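Remarks on the structure that follows.
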Amino acid sequence: MEEAKMNLEACSAEELAARGPAAEVKNGIVTDPRDGHKYRVVTVGKQTWMAENLDYYDTLAMPNLVNETACADSSVCAAGARRYSWYGAVNVTHTSALGDLRPQLCTPVQGVCPVGWHIPSMMEWQELFDNAAKNKAGRDYGVDVRNKDDVYYAVSEVRVINDKISLFY
C-alpha cells in the first residue's frame, strides 16, 4: 500500500488573518485568550518559545482534543504533564480527508496553540538546538536541551517543558 504524503504549504494572508489577533507577550508572559491561562516565555536567539507546557483543553471549542491528550483533567496536568497526540496538537481527526485539512495544516501550523503561536517546524527545532549548543546547552536562556532515547526535549528549571511536541513557538 502506498502511503499518502502531505505537502504542507504556507498559509495565505487570508488564512492567517482568519485566525484572529495574536496572543501577545507582556513582561515575559503570554496569556491564552481562550482560557486565561498564563505561560512564561523565553527568547533563545531570535525565537520566542513558551517555557511551560500548553494546558489548553476545551473540547467544546476544539472537539478534536477528545481522547487526544494524556490527561483530560487539568488538576492532573497541573505539574506540566499534559501531552497531546499529533492529531490533538494539530487539531485534526483521524478520519479527516487530506484535502479538508488545508486550513489546519498550512504552515505555520497553529493547531492547539493560541493565535499567533504555532507548533514548531523541524527547522525551528534545529535553530533552538543550535542556539542552545552554542550557549552551554541553553542554560543561559533558562532552557536545557537534552536527548533521551533519541527524543529531544527541553527543560526549564526542574520542569520538563517539552516531550516531543509540547513546547510551542
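Observations on the model:
- Evaluation of W86 against (1) modelled with pLDDT of 70 or more; (2) within 17 Å of L54 (Cα to Cα); (3) open to solvent by less than 60 Å² (accessible area, probe 1.4 Å) (one fails), failing number: (3)
- Taken over segment 27-46, the criterion of being exposed (fewer than 14 other Cβ atoms within 10 Å of the Cβ), modelled with pLDDT of 90 or more and either in contact with a helix residue (DSSP H, G or I) (Cβ under 9 Å, 6 or more places away or on another chain) or of a type in the set (S, T, Y) (or both) is satisfied by no residue.
- All positions within segment 101-129 that are surrounded by 15 or more Cβ atoms within 10 Å (Cβ to Cβ) and among the β-branched types (V, I, T): V109, V112, V115, I119
- Single condition A61 does not satisfy, out of (1) modelled with pLDDT under 90; (2) surrounded by fewer than 18 Cβ atoms within 10 Å (Cβ to Cβ): (1)
- V66 at pLDDT below 90, more than 29 Å from E127 (Cα to Cα) and of a type in the set (A, V, I, L, M, F, W, C): yes
The values are calculated or read from the model by the stated rules, or taken from the named source; none is laboratory data. All values derive from a computational prediction rather than experimental measurement. Because the Cβ atoms are built from the backbone with ideal geometry, glycine has one as well, and the counts that use them run over all protein chains shown. In case anyone asks, the SASA skips ligands and DNA or RNA and just uses the protein heavy atoms, side chains included. Shrake-Rupley method; radii C 1.70, N 1.55, O 1.52, S 1.80 Å.
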